[in-house]
């Protein structure tokens with residue numbers, strides 16, 4: 001019976017020693033109270049690209065490709081992100097229109113001079129692809145009602161607002177991979193056609 005109180009004392013001192021070492025380990029993991037582990041999290045989240053979102057987007061998502069950027073009057077910018085040739089014999093050009101100006105922008109001048117396309121309204125109807133090597137121009141396609149196969153209703157684009165656009169054209173020959181994108185009132189831009 002003499003040994004039992006001694007064993008209880010050893011067990012108690014062992015438990016105390018284990019608890020003390022656990023507290024030390026936890027204190028070491030917690031840092032000195034200046035929240036350095038959280039700083040690492042905020043640094044990694046602040047190093048995300050400006051266009052990234054946290055709504056389910058993966059961290060490895062790359063920014064959209066830029067084939068060309070065109071800056072025009074009133075600080076309106078057209079960014080072309082793709083020009084894809086599909087198997088049906090079409091080229092679809094896509095991108096963004098950004099109003100970097102201080103006034104509302106309407107794309108009424110982008111319809112072009114062709115009266116048949118005037119019913120497309122403020123749109124990308126006046127866009128043209130120019131194959132300089134083949135000496136041909138490709139105009140935006142139309143539907144059966146005569147409206148362009150392109151983004152319409154480009155009205156009231158607010159300052160600092162960005163809107164997506166597309167325009168569909170007949171495809172140049174497959175050997176033609178470089179064309180010039182032209183839009184009324186904007187400078188031309190060379191773009192590369194990729195296979196869809």
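Would it be correct to say that residue 108 is assigned by TED's automatic domain parsing to the domain that holds residue 76 and in a loop (DSSP other than H, G, I, E, B)? No. Return yes or no: is residue 136 in the same structural domain as residue 103 (by TED's automatic domain parsing), more than 20 Å from residue 186 (Cα to Cα) and surrounded by 13 or more Cβ atoms within 10 Å (Cβ to Cβ)? So residue 136 does not fit the description; no.
The values are calculated or read from the model by the stated rules, or taken from the named source; none is laboratory data. What you see is a predicted model; the values in this text were computed from it and never measured. Because the Cβ atoms are built from the backbone with ideal geometry, glycine has one as well, and the counts that use them run over all protein chains shown.
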